Amino acid sequence: MPFKINILSFMSDYDSYTKWKGWDTSELSNSNKERINASYHAILKKAKVPQAARILELGFGNGYFLEWARDHGYHSSGLEIIEELVTKAAANGHEVYCDRLLETNRFEPNSFDAIVAFDVFEHMSVDELRESLKKIDALLVVGGCVIARVPNAGSPFGQLLQNGDMTHLRAFTTTSMPQLLFDTALNQEWAGNSVRVLAGCRQKWKRYIAYILRDFLEWTLGFIYFGRRVAMDPTITLILRKSSQNS
């Protein structure tokens, strides 16, 4: 049976989403900007995204990553299903489209060095994820990567994020994504706690101690229950790499 989604039902779930998220009124504080900027820099460095790379962001939300990417010399484009967010980003000079990934035909195959999805994949069903990963595979150059941040369903500390948004459909652990990659040239290169940065913290020593305690907790509980360390931060980040040309 062909893959289908009821678009009217899908969109109704997001009618007031921008207001609920505070994207229509709120501005980032200076400390949040510093922290978010540092986290973007760290994860793109970890994923080995080259300078001046062409990047597609899925579900760009308030557009902050698009702004950061442009300011740092990347060529960024974006897809978003909420029209008012697209209008806002376009007014700021970004190449953005009000499309779902599975419906867009705006980009040629092998167009992007990286595709990023921050807090997006958890909004998709398994069937939509499978088809989306095939589309992502086609859009990436060989050696290109996917960077995806999702709530950590393998941790009790991720459940507040996972269950705090009624539009979340799917939960992830560090080991679940490879089940969806068999029909693609994508491989999971890395999965773990989302990057930890000290930037933007008023008292960095407190955050540093918190990170040490988190590591201790991960090693201790992971060893007791699974015989290995288990990521337990609220979010995890996945890096997928395209290893060969589409067949």
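Remarks
- Qualifying residue in region 126-144 (condition: closer than 25 Å to residue 83 by Cα, in a strand (DSSP E or B), out of contact with any His (no Cβ under 9 Å at 6 or more places or on another chain) and aliphatic (A, V, I, L, M)): no
- Within region 99-117, the residues that satisfy the criterion of being within 18 Å of the chain's Cα centre (by Cα) and either over 24 Å from residue 46 (Cβ atoms) or in a loop (DSSP other than H, G, I, E, B) (or both) are 99, 100, 101, 102.
- Pairs, first closer than 15 Å to residue 119 by Cα in region 167-193, second hydroxyl-bearing (Ser, Thr, Tyr) and modelled with pLDDT under 95, C-beta under 7 Å, six or more apart: 167/14; 169/125; 170/125
- Options 159, 179: the member that is in a helix (DSSP H, G or I), under 20 Å from the mean Cα position of the chain (by Cα) and at pLDDT below 95: 159
- One residue stands out among those in region 74-87 that are assigned to a helix (DSSP H, G or I) and hydrophobic (A, V, I, L, M, F, W, C): the one that is surrounded by the most Cβ atoms within 10 Å (Cβ to Cβ), which is 85.
- Looking across region 141-172, the residues that are within 21 Å of residue 59 (Cβ to Cβ), surrounded by fewer than 20 Cβ atoms within 10 Å (Cβ to Cβ) and of a type in the set (S, T, N, Q) come down to 162, 163, 167.
- Residues in region 52-73 that are free of Cβ contacts under 8 Å to residues at least 24 places away in the same chain and assigned to a loop (DSSP other than H, G, I, E, B) were compared, and the one that is nearest to residue 16 (Cα to Cα) is 73.
- Within this structure, residue 169 passes the test of being assigned to a loop (DSSP other than H, G, I, E, B), modelled with pLDDT under 95, of a type in the set (A, V, I, L, M, F, W, C) and touching an Asp or Glu at 6+ places or on another chain (Cβ under 9 Å).
- Boolean, residue 66 is in contact with a strand residue (DSSP E or B) (Cβ under 6 Å, 6 or more places away or on another chain), closer than 18 Å to residue 128 by Cα, surrounded by 16 or more Cβ atoms within 10 Å (Cβ to Cβ) and at pLDDT 95 or above: no
- Of all the residues in region 157-213, those that are closer than 26 Å to residue 124 by Cα and among the aliphatic types (A, V, I, L, M) number 12.
The values are calculated or read from the model by the stated rules, or taken from the named source; none is laboratory data. Keep in mind the model is a prediction, meaning the values are calculated, not measured. With ideal geometry, Cβ positions are generated from the backbone for all residues, glycine too; neighbour counts draw on all protein chains shown.
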